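Worksheet: the structure to be examined is printed underneath.
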DNA sequence: GCTCTATATTGACAGTGACAATATTGACGC
DNA sequence: GCGTCAATATTGTCACTGTCAATATAGAGC
């Protein structure tokens, strides 16, 4: 009789996807410093060197994970842009979606915008990034009819992106905690963001 | 005769400052991942465990280095706020100083705003941070006379900080490269930032 | 069924943070 | 001058990591 564990097959079957999935769990639960090739391998139940076959090195794994993040990011922005039911549509709705993504997946968001650990040469990441960039552009498109000088158009787009991105980054890093505490009772992050978008005329 | 190197004293004398100085060199030259306790010790010519006496762990060293960064940051912002010679003073000048600091010390700036690696319980870091926060507040103070609702005041401050911080972050990560390339010949980062501050009425 | 190749394992190596044990030195009281 | 103590630095060690080489296994196509 065989008392040993039911032997898992030598080949996993879909190890790449499994590793990326485990990597995201580790990332959000334990932080970026705990996301190692060996930790992902352990979580997936394979040997420590198995991930190298699919990602090469740690940068490869992080890049694939970032690609997953950018695809999800695009989907959330797209949903915000088209359906303006609960939230206002357009640039304002996308701003809220941007910050909501960052708050929902804080560590993933940080990884996505930490270029030093990513390899943009990877096709999966490049494609996901291009898709997200197109999505962002669609939210900052210049209104038709009136031609706008290139500098003004670029400034409008850069301002919207910078404002929302900076808000998300400062919020995640706890830098806005004091400001939020000084708000009237009942007012929270969403209200502050609303007001921020209003004073900078981002919704126009 | 003694052919050996002139023996360095057993005690360094000012190892803490030397380690922080070497750490900054390593950080800006080789990146954050190359900044290790042992690398700093090697650069300072001491044993691998010597830094522990002054910083405890790696987080301690990074926090002290971040504190140095915040003090320098405050000084640059202060200079921009008071002397509006080459650059406009006030919020607009401070915005430019903010981005200039980030471009001058990109890796240090990234470290300063990566809270996960820092220990804000360290007095040096906390004090430097408080000083920088006060400096930033001075640039976003509400105009006197007319009382402003708390949400609007907070939004004004958060908007200015978010805008400039996001611009710096996206710029350092190369995310604005495409936008900058699309600018008319002769226009650069400073011009784009000027236009960004203008369209959001930050200079008001 | 045979071969080729993708996939996974084992084993090794250098580098790292952290800790314990030890050595050296300077400060301070006498 | 001298003795004691605390601060500072060294050596040695451990577990963990990324990466590589060598090897084992199994699936795909013929």
### Summary
Exception for residue A:122 within (1) away from DNA strand C (no atom under 16 Å from the Cβ); (2) in contact (Cβ under 8 Å) with a residue 40 or more places away in the chain falls at (1)
### Query
Of the residues that sit in segment B:25-38 and are crowded, with 16+ Cβ neighbours inside 10 Å and away from every other protein chain (no Cβ under 14 Å), which one is farthest from DNA strand C (Cβ to nearest atom)?
B:26
### Query
Just wondering, is there one or more residues in segment A:95-114 that are closer than 21 Å to residue B:166 by Cα, at pLDDT below 95 and assigned to a helix (DSSP H, G or I)?
no
### Query
Mind checking which residues of segment A:57-73 are surrounded by 14 or more Cβ atoms within 10 Å (Cβ to Cβ), within 16 Å of DNA strand C (Cβ to nearest atom) and within 14 Å of residue A:121 (Cα to Cα)?
A:60, A:61, A:64
## Note on the structure
Taking segment A:179-201 and the residues there that are farther than 17 Å from residue A:99 by Cα and more than 8 Å from chain B (Cβ to nearest Cβ), the one that is surrounded by the fewest Cβ atoms within 10 Å (Cβ to Cβ) would be A:185
### Query
Considering only residues of segment A:42-63 that are farther than 26 Å from residue A:102 by Cα and in contact with a helix residue (DSSP H, G or I) (Cβ under 7 Å, 6 or more places away or on another chain), which is nearest to the other protein chains (Cβ to nearest Cβ)?
A:51
### Query
Is there a residue in segment A:152-163 that is crowded, with 18+ Cβ neighbours inside 10 Å, touching a helix residue (DSSP H, G or I) at 6+ places or on another chain (Cβ under 8 Å) and more than 18 Å from residue B:201 (Cβ to Cβ)?
no
### Query
What number of residues in segment A:1-24 are surrounded by 13 or more Cβ atoms within 10 Å (Cβ to Cβ) and either modelled with pLDDT of 95 or more or more than 8 Å from DNA strand C (Cβ to nearest atom) (or both)?
10
### Task
For residues that are outside any loop (DSSP other than H, G, I, E, B) and surrounded by fewer than 23 Cβ atoms within 10 Å (Cβ to Cβ), scanning just segment A:164-178, find the one that is farthest from the other protein chains (Cβ to nearest Cβ).
A:177
### Options A:194, A:190: the member that is within 19 Å of the chain's Cα centre (by Cα), over 26 Å from residue B:173 (Cα atoms) and not in a loop (DSSP other than H, G, I, E, B)
A:190
### Query
Taking segment B:115-129, which residues are within 10 Å of residue B:63 (Cα to Cα), in contact with a helix residue (DSSP H, G or I) (Cβ under 7 Å, 6 or more places away or on another chain) and outside any loop (DSSP other than H, G, I, E, B)?
B:117, B:124, B:125
### Query
Restricting the search to segment A:34-52, which residues are outside any loop (DSSP other than H, G, I, E, B) and more than 9 Å from DNA strand D (Cβ to nearest atom)?
A:43, A:44
### Task
Would you mind telling me which numbered condition in (1) more than 16 Å from DNA strand C (Cβ to nearest atom); (2) buried (at least 19 other Cβ atoms within 10 Å of the Cβ) residue A:79 fails?
(2)
### Message
Taking the criterion of being part of a loop (DSSP other than H, G, I, E, B) and modelled with pLDDT of 95 or more, would at least one residue in segment A:74-89 satisfy it?
### Response
no
## Note on the structure
Across segment B:145-163, the tally of residues that are more than 7 Å from chain A (Cβ to nearest Cβ) and either modelled with pLDDT under 95 or more than 17 Å from residue A:194 (Cβ to Cβ) (or both) stands at 6
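Look through A:95, A:56, A:115, A:69 and report the one residue that is at negative phi and without any contact (Cβ under 8 Å) to a residue 12 or more places away in the chain.
A:115
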### Query
Are there any pairs, at least 6 apart or on different chains, whose C-beta atoms fall under 7 Å, with the first in segment B:5-22 and more than 7 Å from DNA strand D (Cβ to nearest atom) and the second assigned to a loop (DSSP other than H, G, I, E, B) and at pLDDT below 80, and if so, which?
B:18/B:12
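The values are calculated or read from the model by the stated rules, or taken from the named source; none is laboratory data. What you see is a predicted model, and the numbers here were worked out from it, not measured in a lab. Here Cβ is always computed from backbone atoms with ideal geometry, including for glycine, and neighbour counts include all displayed protein chains.
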